[in-house]
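As structure tokens, the structure follows; a few thoughts come after it.
The values are calculated or read from the model by the stated rules, or taken from the named source; none is laboratory data. Computed from a predicted model, the values in this text were never measured in an experiment. FYI the Cβ positions are ideal-geometry reconstructions off the backbone, even for glycines, and counts take in every protein chain you see.
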Amino acid sequence: MPRPINNSVIVITGASSGIGRATAREFAKQRAKLVLAARREGALQEVADECNRLGGSAIAVRTDVTYESDVQALARRAMDSFGRLDVWVNNAAVSLFARFEDAPSDVFRRVIETNLFGYVYGARAAWPHFREQGNGNLINVSSVAGVTGQPYTSPYTISKYAIRGLSDSLRMELYLDNATDIHVCTVLPASIDTPIFQHAANYSGRRIKAMTPVYPPRQVAEAIVGLVERPQREILVGQAAYLQVLEKTLAPEIYERMMARQVDQDHFQDHKPAPRTDGNVMEPMLDYTGISGNWIGTEGITTPDVWDMARQAAQRIGLPFS
């Protein structure tokens, strides 16, 4: 049975901004014990202090998830500080916008190392403790792009597809071992209002923006909290994600053409050229440490028609609706 969030020990990677920071806040409100990881020590400590004020018990551990030694040290710090490990949220992510042939090889590789191998290292760090306890919850934050794909972000998209494969493989091994109290959950958000777009490496020559419709980070954070209380294998977040998955499932060729045009027209700010930059892929950026990237003025409002369509898509595919 899932443990109550109150007093559960929860590791969150990528906790210094965006979804990770929002998730830490939501867990803190329920008095969880939090081990927060990211590369930016100052911003990470701010999040830990905020969580402590909200009622949680949080510590900050500077971690670069591209180094397995860092991630193993993170798990040891959780055990040394709190004596157990109940939930591991793999969330750290970076992105790169470029046509495939224009993406620098070293930046391309680092996106994969962060987004995929960072999750592999997180799972390997948490797994022995979950096995020994006989329970635990690994939550992997992927993306709807890991189901549907998109242009201009090939390394990010590759990593998000691969995260789903990692989750599937781990669940199957748990099934063979009859380990019914160890859970692996995958979160598939739509476009979320976070600073990842300001942080992204950009070799497209065009200024990036979040693609509409954009949803608030708290919506993803609440979904993650819900997975601790009621584990599920996969969950989509944001009504648009359901429509995208349904369209890709029913008419993949048409969907790919449509999405190619949509990303090309809506993921960039017209008439605003951008310099080539590695963003935060190779080194952390000091700016944009908040939860929001300020991409929306309202909290992901959608029309009733879109809501009804998303609900129908969820029922058609057999996925839970959030």
Just give me the residues in segment 158-189 being in contact (Cβ under 8 Å) with a residue 24 or more places away in the chain, aliphatic (A, V, I, L, M) and not in a loop (DSSP other than H, G, I, E, B), in sequence order. I158, A162, I163, L166, L170, I182, V184, V187, L188
Only residues that are of a type in the set (G, A, S) and under 20 Å from the mean Cα position of the chain (by Cα): list them for segment 30-57, please. A32, A37, A38, A43, A48
Residue list for segment 239-276, filter: exposed (fewer than 14 other Cβ atoms within 10 Å of the Cβ), more than 18 Å from P213 (Cβ to Cβ) and of a type outside the set (G, A, S): L250, P252, E253, I254, R257, D270, H271, K272, P273, P275, R276
List the helices (runs of 4 or more DSSP H) that sit entirely inside segment 190-261 and contain at least 3 residues that are at pLDDT 95 or above and among the small types (G, A, S). 217-229
Filter result (small (G, A, S) and part of a loop (DSSP other than H, G, I, E, B)) within segment 69-90: G83
Looking at segment 121-133, can you tell me whether even one residue there is more than 20 Å from E234 (Cβ to Cβ) and touching a residue at least 60 places away in the same chain (Cβ under 8 Å)? no
Test of understanding: among D106, D64, which residue is assigned to a helix (DSSP H, G or I) and modelled with pLDDT of 95 or more? D106
Filter segment 201-230 for residues that are within 19 Å of N294 (Cα to Cα) and hydrophobic (A, V, I, L, M, F, W, C); which is farthest from the chain's Cα centre (by Cα)? I208
Condition first: assigned to a helix (DSSP H, G or I) and without any contact (Cβ under 8 Å) to a residue 24 or more places away in the chain. Can you find one or more residues in segment 145-157 that meet it? yes
What pairs can you find where one residue is in segment 90-117 and more than 12 Å from K160 (Cβ to Cβ) and touching a residue at least 24 places away in the same chain (Cβ under 8 Å), the other is among the charged types (D, E, K, R) and surrounded by fewer than 24 Cβ atoms within 10 Å (Cβ to Cβ), and their Cβ atoms are less than 7 Å apart, with a gap of 6+ or different chains? V107/D278
The number of residues in segment 53-97 that are of a type in the set (G, A, S) and surrounded by fewer than 18 Cβ atoms within 10 Å (Cβ to Cβ) is 6
Just name the residue that is farthest from Q219 (Cα to Cα) out of those in segment 149-195 that are buried (at least 23 other Cβ atoms within 10 Å of the Cβ) and of a type in the set (V, I, T). T153
Segment 118-148, subset polar (S, T, N, Q) and surrounded by 20 or more Cβ atoms within 10 Å (Cβ to Cβ), residue nearest to D86 (Cα to Cα): N137
